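The values are calculated or read from the model by the stated rules, or taken from the named source; none is laboratory data. Keep in mind it's a predicted model, so treat the numbers as computed, not measured. All Cβ positions, even for glycine, are placed from backbone atoms using ideal geometry, and neighbour counts span all protein chains on display.
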Amino acid sequence: MRRKRKPLLKMIVFISIFILFCLLLYVIFSQSAKDRATSLVDDFYQYEKSGNFGGSWILFHPLMKKKFSQDDYIQKRAHVFMQDFGVKTFSYTVGKAKHLKSWRFSKESPKLKNVYQVPITQTFKSTFGNFTIHQNVYVAENKDKWTILWSYEK
């Protein structure tokens with residue numbers, strides 16, 4: 001009788017450990033959509049901060065890419081911040097993401113579903129003094145990929 005219980009007990013212990021291991025992996029590697037949205041915004045502004053405007057442009061939603069070609073975006077972004085304002089870099093903070101059931105990029109655009117609104121604050125030290133920009137950045141999924149948008153709705 002004892003011999004029959006040992007294999008059963010070993011099997012239960014093994015299955016329990018396996019389930020706990022799987023749960024641990026899930027918790028470690030799963031990231032909520034809200035966390036992914038915040039992380040993407042942080043990645044975007046890391047590119048911007050380092051002057052890699054081409055890298056940040058790649059993270060744009062197709063609606064943003066339609067508004068700016070990559071070359072146009074790189075040129076305008078560098079011109080406005082680095083040349084006009086005399087800024088070499090900036091600091092930024094990323095706020096808490098807020099889920100929106102739907103959101104519209106502009107009056108003409110279709111509503112996007114399951115969008116995250118992420119507030120950011122950029123602080124610049126420029127030739128003309130210090131200034132801060134507060135802006136909401138929007139993160140939407142497009143073809144299984146999270147992407148960045150700004151609001152152009154009036």
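Structure data summary
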quantity	calculated
Top-ranked residue in the range 29-52 [being crowded, with 19+ Cβ neighbours inside 10 Å and touching a helix residue (DSSP H, G or I) at 6+ places or on another chain (Cβ under 7 Å); ranked as modelled with the highest pLDDT]	Phe44
Phe131 being of a type in the set (Phe, Trp, Tyr) and surrounded by 15 or more Cβ atoms within 10 Å (Cβ to Cβ)	no
Test: residue in the range 74-95 that is more than 20 Å from Lys34 (Cβ to Cβ) and either among the acidic types (Asp, Glu) or touching a Gly at 6+ places or on another chain (Cβ under 6 Å) (or both)	yes
Residue satisfying condition, being under 19 Å from the mean Cα position of the chain (by Cα) and either small (Gly, Ala, Ser) or part of a helix (DSSP H, G or I) (or both), within set Lys96, Lys113, Lys65	Lys65
Identity of the residue in the range 134-154, surrounded by fewer than 14 Cβ atoms within 10 Å (Cβ to Cβ) and part of a loop (DSSP other than H, G, I, E, B), that ends up modelled with the highest pLDDT	Lys143
Residue list for the range 51-106, filter: among the polar types (S, T, N, Q), free of Cβ contacts under 8 Å to residues at least 12 places away in the same chain and under 26 Å from Thr127 (Cβ atoms)	Asn52, Gln75, Gln83
Exclusive hit being in the same structural domain as Ser56 (by TED's automatic domain parsing), under 19 Å from Gln46 (Cα atoms) and in a strand (DSSP E or B), set Val118, Val87	Val118
